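Notes for the one structure printed next.
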Amino acid sequence: MKKFRTILLSSLAILSMGLVITGVVAGESKAKPVDAADDYYASISDTLTGEDLLKALNTLNNQKRKSTVGYAGMRQFAAISDADPDGSGKILSFYDNKLIGPNWDSGKSWNREHVWPNIRGGYVVEDDAHMVRPAATSTNSDRGSKGYGAASYDPGKYVEYYRGSASRIIFYAAMADLSLQLVDFPFNYDGVGGGNHGYPEESMGSLSEMLAWNLQYQPSNTSFTGNNDIARRAELNRNNKIQTASGGQGNRNPFIDHPEYACRIWGNYNDATKAACSGSVIPPTPTKATGITLNYSSFSLEINKTVQLVATPVPSDATLPSLIWVSNNDKVASVSDNGLVTGLRNGKASISVISETDNLIATCEITVGNGQETPSSSSGCGGNIATTSAILAALSLIGAGLLLIRKRYVN
């Protein structure tokens, strides 16, 4: 099913000639969500890895998160998001499963735990309910501002399962605000290994340990019992409540629904993270295209006849997920969103294909007129590569016209 989006760009023209651009984004495989996620992750391709996946999830999160509960708002919302899954009417305390609240008592019995510590930049996401968890005051003090890891603070000190859920919150925070970074160092801010050790202040570790915990304690594993199962069910419940409850945010923690995303993003950080993710299936990183070739460098055709242009990436095993086809003289020759050129009247036109993702372009020269169709080989197109930014720079202001650029996206 095709979706259409129009973008109005003001006062653009090339040498006083009209430019019509159509494009297509190839269909993407859809990640399979769990629980109440339904089609929440339909826009996330299962081929994305690293920064590309991180940024795609950040974009999705910004689209879905209609508001934030707020750090102050967690005083009341915690009774909804962190309710005891066994129905006691109390709030489940993070780390230790103590039953607290539900009424806010100014921190006497429970507090709002910054899972990503404020001292390490957690304040940039403290309004987000996915990062803040209610915790018994004594437990909250026990953790302090230490990072996670065997050499700093073990979030499974009381209940093992919290190693997994705490790690997924850290992953969420690094996705929700891209200024936050993950490093593979066991931060301990209360003395042992203190200081920032040259790492940015807005960073958290230990990444390799959290990646391993994330896989070891997954929310879809129903074999957990006792306190571990209570913590597991609470994690699933709060993900749903933050998305759907009145006063909630409308968004989900993708690392709860898809724990494998963490290894796909950070699994290649170093040898330790590779080892931690060795049991996780990580799609190979797609080969990046360095150029585009067309099947013809030039073509002469009659009026009302067509020629099919085909774009091939260089190297051939690379991918071109986004292509825009351009005619610099659409009165002489038009081009469809799949590269089909139609001759309209006598004259010459340049047909270009642009890869938005890789910032590449290749061009074929078209001559339209009565006579024999005479295609030329693609040798001339292979070297005709420029960046999309260079093409945009060539757009000059000629008069006060407006150009409507139409883009067509295919799911």
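The values are calculated or read from the model by the stated rules, or taken from the named source; none is laboratory data. From a predicted model like this one, the values you see are computed outputs, not experimental measurements. A quick note on method: Cβ atoms are made from the backbone with ideal geometry, for glycine too, and the neighbour counts reach across all protein chains shown.
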Those residues of segment 320-354 that are modelled with pLDDT of 85 or more, out of contact with any helix residue (DSSP H, G or I) (no Cβ under 6 Å at 6 or more places or on another chain) and part of a strand (DSSP E or B) come to a total of 19
Among the residues of segment 298-313, the number that are farther than 13 Å from residue 368 by Cα and buried (at least 16 other Cβ atoms within 10 Å of the Cβ) is 4
Within segment 235-272, residues surrounded by fewer than 22 Cβ atoms within 10 Å (Cβ to Cβ), among the polar types (S, T, N, Q) and in a helix (DSSP H, G or I) come out as 237, 240, 243, 244
Considering segment 147-176, residues that are among the polar types (S, T, N, Q) and not in a loop (DSSP other than H, G, I, E, B), and then whichever is surrounded by the most Cβ atoms within 10 Å (Cβ to Cβ), we arrive at 165
Counting only residues that are surrounded by fewer than 17 Cβ atoms within 10 Å (Cβ to Cβ), under 16 Å from residue 127 (Cα atoms) and among the basic types (Lys, Arg), segment 54-95 contains a total of 2
Of the residues in segment 290-340, those that are more than 13 Å from residue 360 (Cα to Cα) and aromatic (Phe, Trp, Tyr) come to 296, 299
Would you say residue 117 is of a type outside the set (Val, Ile, Thr) and crowded, with 24+ Cβ neighbours inside 10 Å? no
When segment 46-84 is checked residue by residue, the ones that are touching a strand residue (DSSP E or B) at 6+ places or on another chain (Cβ under 7 Å) and in contact (Cβ under 8 Å) with a residue 40 or more places away in the chain are 71, 74, 78, 82, 83, 84
